[in-house]
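Here is the structure we will look at.
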Amino acid sequence: MTAPVIGVLALQGDVREHLAALAAVGAQARPVRRPAELDAVDGLVIPGGESTTISKMVELFELREPIDKRIAAGMPVYGSCAGMIMLAAEVLDGRPDQRGFDGIAMTVRRNAFGRQVDSFEAPVEINGIDGGPLHAVFIRAPWVERVGPDVEVLGTVTEGPAAGRIVAVRQNNLLATSFHPELTHDRRLHAYFVNLVRHAR
């Protein structure tokens with residue numbers, strides 16, 4: 001079976017790191033900036049970065065409608081940090097003009113863990129990923145306040161003041177985390193997403 005082609009939305013954020021992580025677990029990884037490039041991928045990663053900037057750039061590069069259509073048609077998408085915000089049905093503390101893709105029935109609080117100085121690292125167990133907790137890097141991260149009945153909670157913070165907060169979810173072919181797995185050497189979450197894309201094909 002040929003390797004799945006997975007795009008990384010290359011408008012802003014940790015694009016190179018996601019491309020490297022996806023390639024390391026057997027995907028054909030390529031940047032996506034145009035609708036024609038989106039047409040050529042089996043799945044998409046929306047990286048961490050600044051969600052308001054990504055929202056504006058999506059409009060500028062005429063990608064909103066094509067991505068909405070692909071999500072509606074079942075294309076797997078993984079969003080990390082700002083990508084989680086972009087996939088949420090509702091965003092608290094976002095800008096009024098900020099528009100996401102309304103893919104996952106969840107309410108996300110933007111910058112919930114605080115500003116850049118409040119960035120931290122913590123172990124997070126992820127349902128469906130063996131081998132112990134992931135070492136999760138949180139940078140001005142959101143968290144999930146509420147989920148709909150079709151959303152599976154995959155991981156929560158297990159220790160510290162944010163213990164119990166939801167930081168990883170899945171709804172059908174859509175996956176989102178508050179943290180940045182691309183900033184560590186642990187590739188298990190990217191491998192999980194590549195398998196999701198393989199099954200969807």
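The values are calculated or read from the model by the stated rules, or taken from the named source; none is laboratory data. All values reported here derive from a predicted model rather than from experimental measurement. Cβ: placed from backbone, ideal geometry, glycine included. Neighbour counts: every protein chain shown. Side chains are part of the model used for accessible areas, which takes the heavy atoms of the whole protein and leaves out ligands, DNA and RNA. Shrake-Rupley method; radii C 1.70, N 1.55, O 1.52, S 1.80 Å.
Restricting attention to segment 4-52, the residues being assigned to a strand (DSSP E or B), in contact (Cβ under 8 Å) with a residue 40 or more places away in the chain and out of contact with any Asp or Glu (no Cβ under 9 Å at 6 or more places or on another chain) number 3. Under the condition of being more than 14 Å from ALA82 (Cα to Cα) and in a strand (DSSP E or B), which residue from segment 108-124 is modelled with the highest pLDDT? Filtering first and then ranking leaves VAL124.
If you scan segment 65-80, which residues turn out to be assigned to a helix (DSSP H, G or I) and surrounded by fewer than 17 Cβ atoms within 10 Å (Cβ to Cβ)? Result: GLU65, ASP68, LYS69, ALA72. Within segment 138-157, does at least one residue satisfy the condition of being in contact with a Leu (Cβ under 6 Å, 6 or more places away or on another chain) and under 16 Å from ALA82 (Cα atoms)? There is no residue in segment 138-157 that is in contact with a Leu (Cβ under 6 Å, 6 or more places away or on another chain) and under 16 Å from ALA82 (Cα atoms).
The set of residues from segment 145-161 being more than 20 Å from ALA88 (Cα to Cα) and either open to solvent by less than 20 Å² (accessible area, probe 1.4 Å) or without any contact (Cβ under 8 Å) to a residue 24 or more places away in the chain (or both) comprises just one member, PRO161. Summed over segment 162-177, residues that are without any contact (Cβ under 8 Å) to a residue 60 or more places away in the chain and open to solvent by less than 20 Å² (accessible area, probe 1.4 Å) total 3.
Condition check ((1) surrounded by 22 or more Cβ atoms within 10 Å (Cβ to Cβ); (2) out of contact with any strand residue (DSSP E or B) (no Cβ under 8 Å at 6 or more places or on another chain); (3) among the aliphatic types (A, V, I, L, M)) across all residues:
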position: GLY7; (1), (2), (3): yes, no, no
position: VAL15; (1), (2), (3): no, no, yes
position: ALA24; (1), (2), (3): no, yes, yes
position: PRO35; (1), (2), (3): no, yes, no
position: LEU38; (1), (2), (3): no, no, yes
position: ASP42; (1), (2), (3): no, no, no
position: ILE46; (1), (2), (3): yes, no, yes
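For segment 53-64, a residue qualifies if it is out of contact with any helix residue (DSSP H, G or I) (no Cβ under 9 Å at 6 or more places or on another chain) and either open to solvent by less than 30 Å² (accessible area, probe 1.4 Å) or among the acidic types (Asp, Glu) (or both), and exactly one does: GLU59. Given the condition assigned to a loop (DSSP other than H, G, I, E, B) and open to solvent by 10 Å² or more (accessible area, probe 1.4 Å), answer yes or no: does some residue in segment 85-92 qualify? Scanning segment 85-92 turns up no residue that is assigned to a loop (DSSP other than H, G, I, E, B) and open to solvent by 10 Å² or more (accessible area, probe 1.4 Å). Just one of (1) under 17 Å from the mean Cα position of the chain (by Cα); (2) without any contact (Cβ under 8 Å) to a residue 40 or more places away in the chain; (3) surrounded by 14 or more Cβ atoms within 10 Å (Cβ to Cβ) fails for PRO142. It is (2).
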